[in-house]
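The values are calculated or read from the model by the stated rules, or taken from the named source; none is laboratory data. On a predicted model such as this, the values are computed, not experimentally measured, just so you know. Here the Cβ positions follow ideal geometry from the backbone for every residue, glycine too, while neighbour counts run over all protein chains shown. The area values use the complete protein model at the heavy-atom level, side chains included, leaving out ligands, DNA and RNA. Shrake-Rupley method; radii C 1.70, N 1.55, O 1.52, S 1.80 Å.
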Amino acid sequence: MPSLFASYLRVYEPLTAFDRERQSYWRRYVNEGRAVAPLEGPVRQRTSVIEALGAGWTRLPDLPDEAYVLETDEALLVCPWNLRVRVAEAALNAREGVPSVLADAFVPPTLAGQAKAVVEDWRSGARVLEHGVPRLHEQVATWGVPLRWFVLFDADERHLVTDPARRALRYRTEISKARRRSSRALSVLRKSVGEAPITEAVEEAARWLEEFHPRSVVELDYGGLVQLLPDETLAADDSTELVANGLAGLSRGEAEEASAAYDKLVARWRAVQLLERCN
């Protein structure tokens, strides 16, 4: 199955962020060698969901309790997939803003009711008391990388692999650094452009990061997008620098410099998005 043309923003949390039952489960999961590599994960997730839902889309089944795993010298960190909750949220989102006839045809009322129950249970106070704050550890964007994600990383944190068998481009950083960067970016954006859509987007990313353990690791993975771009383009990609330059220009009141960086960044990723329409 071909790679999915999507990018991913993930948070890996240390085991201490989970309750005892989850800690034991994830230790067994790793010791049994069941952890899935990021290169294989997106296709595995898609296959699991399609096989579980079946053609009828009439129920919300249980889905594999799996995760990406990151082992460091200090700790074992996991990024759970939370597939059942993510499928439930996707089903509800698919019905929003769509005429009821179309919504019922695409996501039947029975499935929508089950999805709503799953999401409400996930967010309920009872679950918070029992398992800690509920959190989804992975965000997905198709045919591009949201510009707000670049705010969280520095150019030195990039890791590029051009070996055809494991081609990848990723950024990883400590969550404390990502939080500081998003906080600085918010301060600059609020002073320079006010409550604009970009400000709200960065604020949303900052709020999401606050849900996780302070010793977590944040990862931006270009995922299947690397299959759309040649090696030289990936090597020359300076999206994080452009975001940093744009914010620096705004903080100095140099609107032209900030606009030039922003325009270059938008044009680069629009070209990738337009590939979706190619035959």
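What net charge do the residues around E241 carry, taking every other residue with its C-beta under 14 Å from that of E241, with Lys and Arg at +1 and Asp and Glu at -1?
Numbers: positive: R158, R181, K264, R268; negative: D154, D156, E157, D237, D238, E257.
Counting the neighbours of E241, the net charge comes to -2.
Going by a ≥ b ≥ c, the root eigenvalues of the Cα gyration tensor, does the stretch 201-274 fall in the rounded group (a/c under 1.5), the prolate group (a/b larger than b/c) or the oblate group? List each step's numbers first, then the result.
Numbers: a/c = 2.11, a/b = 1.06, b/c = 2.00.
Oblate, since a/c reaches 1.5 and b/c is not below a/b.
Counting only protein heavy atoms and using a 1.4 Å probe, what share of the accessible area of the stretch 6-124 belongs to carbon plus sulfur, as a whole percent? Kindly include the intermediate steps, with their values, before the conclusion.
Working: 3150 of 6210 Å².
Ligands and nucleic acids excluded, carbon and sulfur give 51 percent.
Between A196 and A271, what is the label-point separation in nm under the 7 Å Cα-to-beta-carbon projection?
In this crude spin-label approximation the distance works out to 2.3 nm.
Residue by residue through the stretch 30-38, what is 3J(HN,Hα) from phi via Karplus (6.51 cos²θ - 1.76 cosθ + 1.60, θ = phi - 60°)? Round to whole Hz and write x for glycine and proline.
6, 4, 7, x, 8, 4, 9, 6, x
If the elastic network links every pair of Cα atoms under 10 Å, which of Y262, Y12, Y171 fluctuates the most in the Gaussian network model of the chain?
Y262
What number comes out for accessible area per residue over the chain if the probe is 1.4 Å? Units Å², please.
Numbers: 14880 Å² over 279 residues.
With all protein chains present, the chain gives 53 Å² per residue.
In whole Hz, what ³J(HN,Hα) sequence does the stretch 261-268 give by Karplus (6.51, -1.76, 1.60; θ = phi - 60°), x for Gly and Pro?
Running phi through 6.51 cos²θ - 1.76 cosθ + 1.60 with θ = phi - 60° gives 5, 5, 4, 5, 5, 5, 4, 4 Hz.
What residue among V98, V161, V243 has the largest mean-square fluctuation in a Gaussian network model of the chain, using Cα springs under 10 Å?
For the chain, modelled as a Gaussian network with Cα springs under 10 Å, the answer is V98.
What percentage of the solvent-accessible surface of the stretch 144-278, computed with a 1.4 Å probe over protein heavy atoms, is contributed by carbon and sulfur atoms? Walk me through the intermediate numbers first.
On the way: 3420 of 6980 Å².
In the stretch 144-278, the share of accessible area belonging to carbon and sulfur is 49 percent.
To make sure I understand the rule: partners must be aspartates and glutamates, Cα under 17 Å from the Cα of K177, and not fewer than 8 residues away in the same chain. Which ones qualify?
The qualifying aspartates and glutamates are E13, D154, D156, E157, E203, E204, E210, E211, E219, E241.
What lysines does K264 reach when the alpha-carbon gap must be under 24 Å and sequence neighbours fewer than 8 apart in one chain are set aside?
Once the sequence-local lysines are set aside, what remains near K264 is K191.
How big is the chain in terms of Cα radius of gyration and Dmax, in angstroms?
19.8, 57
Say we join alpha carbon atoms closer than 10 Å with springs in a Gaussian network model of the chain; which of V69, V217, V43 then has the biggest fluctuation?
In the Gaussian network model the winner is V43.
Going Cα to Cα from K116, which aspartates and glutamates come in below 17 Å? Please leave out same-chain ones fewer than 8 positions away.
D62, E89, E96, D104
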